[in-house]
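The values are calculated or read from the model by the stated rules, or taken from the named source; none is laboratory data. Model, not experiment: these values are computed from the prediction. For neighbour counting, all protein chains shown are included, and Cβ atoms are generated from backbone atoms with ideal geometry for every residue, glycine included.
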Amino acid sequence: MRAFYHPEQSLHDPQQYMRFGRVVPPKDLPERTEKLLAALARHGIGPETPQQHGTAPILAVHDEGFIQFLQTAWARWQELPAERGPEVWPATFPYWSGRPDEDKRPPCRPTGFLGQLGWYLGDLSVPIGEHCWVSTLRSTETAVSGADAVLAGERAVYALCRPSGHHARADRSSGFCYVNNSAIAAQRLRSRYGKVAILDVDAHHGDGTQQIFYRRDDVLTVSIHADPSNYYPFFTGYDDERGNGPGEGFNLNLPLVHGAAGPEMEAAIDRAGRAIREFGAEALVLALGYDAHKDDPIGVLKLESADFGTIGRQVKAMGLPTLVVQEGGYAIEAIGECLDAFLGGFK
């Protein structure tokens, strides 16, 4: 299996995160990549440096004004009064109806920076520091280079993406995610493949991925995640969300009860596999998170490290050209074992 990663992805080093009403140390630490790189090395996989693609692949699924905001946010933050915090962080969140029959919200009306903060940053888990944009861009380029390798004929490629992406919507960052690597990669694969499936096995619902493709019938989105009725992202991820308009029937959510373990995940992936086959997918993007692990500090599922080997075997059995895009997983001492197991199962 080929792999891609850019060292500048580790420059992203968030300083704050809001949890239970308190500012706490962040969970998406740069050390995560060290553990995953070590796991790749144990399998004899040396990641390649992705090519620089710029913003064109990003703009294939994201709003241009949103991307301009992310590129300039740190510099604009420096223009605020001296009492500003250490990172770009919003203080307002505007109401929006979230109509499923609209591909994105209308353009952001405020031209001032503080108003735009609340429009483009969806929660308090996406602070923007000095190096956030360059790491985000390199993470996306990692996914794009992985997709290009699949387009060139590789059967399996791993993109070690950090920051993650599956919570990023067409015009909003949230949940540790700034732009949506899995969605960008799927769109890239559409240049050759008529039908692409995205299977998301992160513990959190891939709400951004769902939103981006919710009204499309050429990309099937399947998310297996913890029941969102009392778990992030709370407002999406329910099994009655099936798509809208042309996309009706092309979104599948398979929520798991809190405390679910390997057997429940295995059964859900079996069901996902049937849906992917019925859809007629020609290529697959696997959004792979490890926060379903029993030791994850913000997790509610109970998978063992070895269960990710089962996931690897099940995905390999689907027989599709596959791009694996790294998503979450914050148990620093466990994520390397999870990737170890996955790679062992996928062989």
Of residues in the range 1-33 being surrounded by 14 or more Cβ atoms within 10 Å (Cβ to Cβ) and aromatic (F, W, Y), the one farthest from F176 (Cα to Cα)
F4
Can you give me the ranges of the strands (runs of 3 or more DSSP E) entirely in the range 195-279 with at least 3 residues that are surrounded by fewer than 24 Cβ atoms within 10 Å (Cβ to Cβ)?
251-256
Residue that is modelled with the lowest pLDDT [pool: residues in the range 325-347 that are outside any helix (DSSP H, G or I), in contact with a Lys or Arg (Cβ under 9 Å, 6 or more places away or on another chain) and over 12 Å from L40 (Cβ atoms)]
K347
Hits in the range 280-312 (condition: part of a loop (DSSP other than H, G, I, E, B), more than 15 Å from I224 (Cβ to Cβ) and not charged (D, E, K, R))
G280, A281, P297, I298, S305, A306
When restricted to V201, V219, the only residue within 26 Å of T55 (Cβ to Cβ), modelled with pLDDT of 95 or more and among the β-branched types (V, I, T) is V219
Which count do you get for residues in the range 49-76 that are in contact (Cβ under 8 Å) with a residue 40 or more places away in the chain, surrounded by fewer than 19 Cβ atoms within 10 Å (Cβ to Cβ) and not in a loop (DSSP other than H, G, I, E, B)?
3
Given (1) under 23 Å from the mean Cα position of the chain (by Cα); (2) at pLDDT 95 or above; (3) more than 20 Å from G129 (Cβ to Cβ), where does Q68 come up short, assuming only one miss?
(3)
When (1) closer than 26 Å to A203 by Cα; (2) free of Cβ contacts under 8 Å to residues at least 40 places away in the same chain; (3) of a type in the set (A, V, I, L, M) are applied to A156, the one that fails is (2)
How many residues, within the range 103-123, are crowded, with 17+ Cβ neighbours inside 10 Å and outside any loop (DSSP other than H, G, I, E, B)?
5
Looking at the range 94-102, is at least one residue part of a loop (DSSP other than H, G, I, E, B), among the acidic types (D, E) and either at pLDDT 95 or above or crowded, with 21+ Cβ neighbours inside 10 Å (or both)?
no
Across the range 29-48, the tally of residues that are outside any helix (DSSP H, G or I) and in contact with an Asp or Glu (Cβ under 9 Å, 6 or more places away or on another chain) stands at 3
Scan the range 77-90 and tell me whether some residue there is surrounded by fewer than 16 Cβ atoms within 10 Å (Cβ to Cβ), outside any loop (DSSP other than H, G, I, E, B), at pLDDT 95 or above and not acidic (D, E).
no
Answer with yes or no whether G146 is crowded, with 24+ Cβ neighbours inside 10 Å and of a type in the set (G, A, S).
yes
Within the range 313-324, can you find the residues that are touching a residue at least 24 places away in the same chain (Cβ under 8 Å), in a loop (DSSP other than H, G, I, E, B) and either of a type in the set (S, T, Y) or farther than 17 Å from A143 by Cα (or both)?
M318, L320
